[in-house]
Every structure is written in structure tokens, then in C-alpha cells.
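Input: a single structure, listed below in C-alpha cells.
The values are calculated or read from the model by the stated rules, or taken from the named source; none is laboratory data. Here the structure is a predicted model, which means the values were calculated and not measured. Counting neighbours? That spans all protein chains shown, and the Cβs are built from the backbone with ideal geometry, glycine included. Just so you know, the surface numbers come from the protein's heavy atoms only, side chains and all, with ligands and any DNA or RNA stripped out. Shrake-Rupley method; radii C 1.70, N 1.55, O 1.52, S 1.80 Å.
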Amino acid sequence: MFNLDLIESRLLKKTFVKKIYYLDEVDSTNDFAKSITEKDNVLILTDHQTSGKGRFNRKWESDKGRNLTFTIVKKFMLEPDCRQLVNFFTAYFLLTGIKSFLLSHIKTDSYLQLGIKWPNDILLNSKKISGILIEHNINKNTYVIGAGVNVNQLKFDSEYSEKTSSLRNFLNEKINLNELLIEIMLNYDKYIHLVTKENYDTIFNLWYNSNLLIGNEVEFYENDKTVINAKFIDIQKDGSIKLKIDKSIKTYTSGDIRILSFTGDNYYI
Ligand code: BTN
């Protein structure tokens, strides 16, 4: 259960958010976002999604009342060749919002490694703790930005459990969802003015430098079925990736990655 009064008092009139929908239950906050009349500055929040959606038409599973599942509806005036910016911006500033929350709550001495797995998953000690699904079909400038953050859920379905975890599993304490959401939204709001064509390189570089994959051996799933072993070479300015497969370098604009070997020492917080 969220405290709507508290969230409204911290976000309305103080950030870009002008309207908050808080739903006990909904199929998907992204689908709900596409059904409302407002096309800008909306936050949709729920305790429970009955058909939460992930990338590649996968389900996004999230136990009722334990995690953050929310959607931001926001207009950005970007030319088609700059639209990736919303992805880069959202992944990076979701990451930094989570990071600042973690830093103020960490009690353990152990290091936590936090970074982005291309294109926009957030991994904590190599486990996925957050995913983002950005849709773009309300009209050409409105973005439906859905985010799931695993917060207090302790166990995940077997198919995902090896690679999925939650913040609570690392902090060893129950986390206040209101506090985390407010921190994430304030952080997102603080930098949202940067989402312009002129700042493309700045935001790309922030996102790029938080990517965990470069130089690592990976499995690449071009679609849900085809698996290719590859070395992750680099990410280009348009967000596409370069993989070394056998002896040739190939470029891909979408797909899914599993990390096989990992050497990301410089991402500890
Ligand atoms: C992924 O990693 O595959 C993306 C997951 C995105 C999940 C969020 S939860 C809130 C919003 N509503 C949805 O149906 N999906 C996104």
C-alpha cells in the first residue's frame, strides 16, 4: 500500500508530475497509460499488475504490494534519430536514483556492484533488480515509460530466480516503497530538462559509462530462440551494439544478453 497523500505532497507542484493515478490493481500501468486522456506529466502507480509486460512480450512478474511498478507519461520533443535518448536517460537516472537510496541505507561493509545491462536492465551484483519498457505509440512526442523495480520481494519464479533479485535481498531490511519511489522521481525530475538533442552526447556518455557488458563474453538472443556466443565489443551512439561472433563483427539494434564471464570491477558503489 502506498501513501498517496505523502507521494502527492512531495511530487505535485514540486516536480514535472501534475497528476498521479494510484490503482490497487491494473492489468499493466503502461496499458493504462495509453488509455487516459492526459498525454504529459502523469505518474501511474499500482500495488499489483495482473498482466505486467516486459520486453519481447514477456511477462513482468511482481508480487502484490512488494515492489515498484509504475509508468511515467511524458512528452519529449525529439527528432526520430534522437528518441533513444529517453531510453538512455531513463536507465541512467533510474540507476542513480536507486544508487542514492542504497547509499543512504547500506549497513553492510560488502561492496555492491550496480550497473546497466544493455539496453536498460539494472543489475545489482549481477542480478536484475529493475527493467524498463518504453512505449511510444500515443502520439509521436508522448512516451510511456514503464519501470519495474524489485524491492521487497524475496523469491522469484524458478525461470528467473537465478538472475533476478531484489533490493531487500542485498540490504537485508524491509524497504519503504514510498521513500524509494519519491527518491527515484525527485532524481528523475532534477535532470529531466537534459532530455534535448543538444545533450545527446552527455546523456549517452553517462549511460554508456554505466554499461556492464563491454569486453565481456556473452550469450546473445537475437529473438527468444536463437542463441549466439559472442564477445560484447562496444555500443554505438545510436544504442546499437557491436558483437564479435566467430571472427566477424556484427551490429544489432535489439536483442537480449546473458553475461557469461564478467570483469566489471569499476562499477562498485
Ligand atoms: C523488462 O525488463 O523486460 C521490462 C520490464 C518493465 C516492467 C514495467 S512494470 C510497470 C510497467 N508496466 C508494465 O506492464 N511493464 C512496465
Exception for Ser104 within (1) at pLDDT below 95; (2) open to solvent by less than 60 Å² (accessible area, probe 1.4 Å); (3) closer than 27 Å to Ile7 by Cβ; (4) not basic (Lys, Arg) falls at (2)
Exactly one of these conditions fails for Arg168: (1) surrounded by 20 or more Cβ atoms within 10 Å (Cβ to Cβ); (2) modelled with pLDDT of 95 or more. Give me its number. (1)
Condition (residue is modelled with pLDDT under 95 and surrounded by 15 or more Cβ atoms within 10 Å (Cβ to Cβ)) applied to the range 148-157: is it met by at least one residue? yes
Residues (more than 10 Å from the ligand (Cβ to nearest atom) and touching a helix residue (DSSP H, G or I) at 6+ places or on another chain (Cβ under 9 Å)) located in the range 59-71: Gly65, Arg66
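When you scan the range 91-98, do you find a residue that is of a type outside the set (A, V, I, L, M, F, W, C), open to solvent by 50 Å² or more (accessible area, probe 1.4 Å) and away from the ligand (no atom under 16 Å from the Cβ), even just one?
No, there is no match, as no residue in the range 91-98 is of a type outside the set (A, V, I, L, M, F, W, C), open to solvent by 50 Å² or more (accessible area, probe 1.4 Å) and away from the ligand (no atom under 16 Å from the Cβ).
Have a look at Asp63, Asp81 and point out the one that is modelled with pLDDT of 95 or more and either open to solvent by 20 Å² or more (accessible area, probe 1.4 Å) or among the acidic types (Asp, Glu) (or both).
None of the other options fit; the residue is Asp63.
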Scanning the range 1-27 for residues that are assigned to a loop (DSSP other than H, G, I, E, B) and in contact with a helix residue (DSSP H, G or I) (Cβ under 9 Å, 6 or more places away or on another chain), the one surrounded by the fewest Cβ atoms within 10 Å (Cβ to Cβ) turns out to be Met1
List pairs: first in the range 193-211 and farther than 17 Å from Lys117 by Cβ and in a loop (DSSP other than H, G, I, E, B), second at pLDDT 95 or above and open to solvent by less than 60 Å² (accessible area, probe 1.4 Å), Cβ under 6 Å, 6+ apart or cross-chain? Val195/Phe76; Val195/Leu85; Val195/Phe89
Please tell me if His136 is within 16 Å of the ligand (Cβ to nearest atom) and in contact with a Lys or Arg (Cβ under 6 Å, 6 or more places away or on another chain). no
Kindly check whether there is at least one residue in the range 107-117 that is free of Cβ contacts under 8 Å to residues at least 24 places away in the same chain and surrounded by fewer than 15 Cβ atoms within 10 Å (Cβ to Cβ). yes
Could you give every pair whose Cβ atoms fall below 9 Å, whose first residue belongs to the range 7-29 and is without any contact (Cβ under 8 Å) to a residue 12 or more places away in the chain, and whose second residue is within 16 Å of the ligand (Cβ to nearest atom), counting only separations of at least 6 or pairs across chains? Leu12/Ile20
Is it true that Phe56 is outside any strand (DSSP E or B), within 11 Å of the ligand (Cβ to nearest atom), of a type in the set (Phe, Trp, Tyr) and under 18 Å from the mean Cα position of the chain (by Cα)? yes
All positions within the range 133-145 that are open to solvent by 10 Å² or more (accessible area, probe 1.4 Å) and under 16 Å from Leu85 (Cα atoms): Leu133, Ile134, Glu135, His136, Lys140, Asn141
Would you please name the residue that is least open to solvent (accessible area, probe 1.4 Å), looking only at residues in the range 40-51 that are within 11 Å of Lys19 (Cβ to Cβ) and touching a residue at least 60 places away in the same chain (Cβ under 8 Å)? Leu43
Residues to consider are Leu171, Leu112, Leu154, Leu123; find the one that is at negative phi, within 15 Å of the ligand (Cβ to nearest atom) and hydrophobic (A, V, I, L, M, F, W, C). Leu123
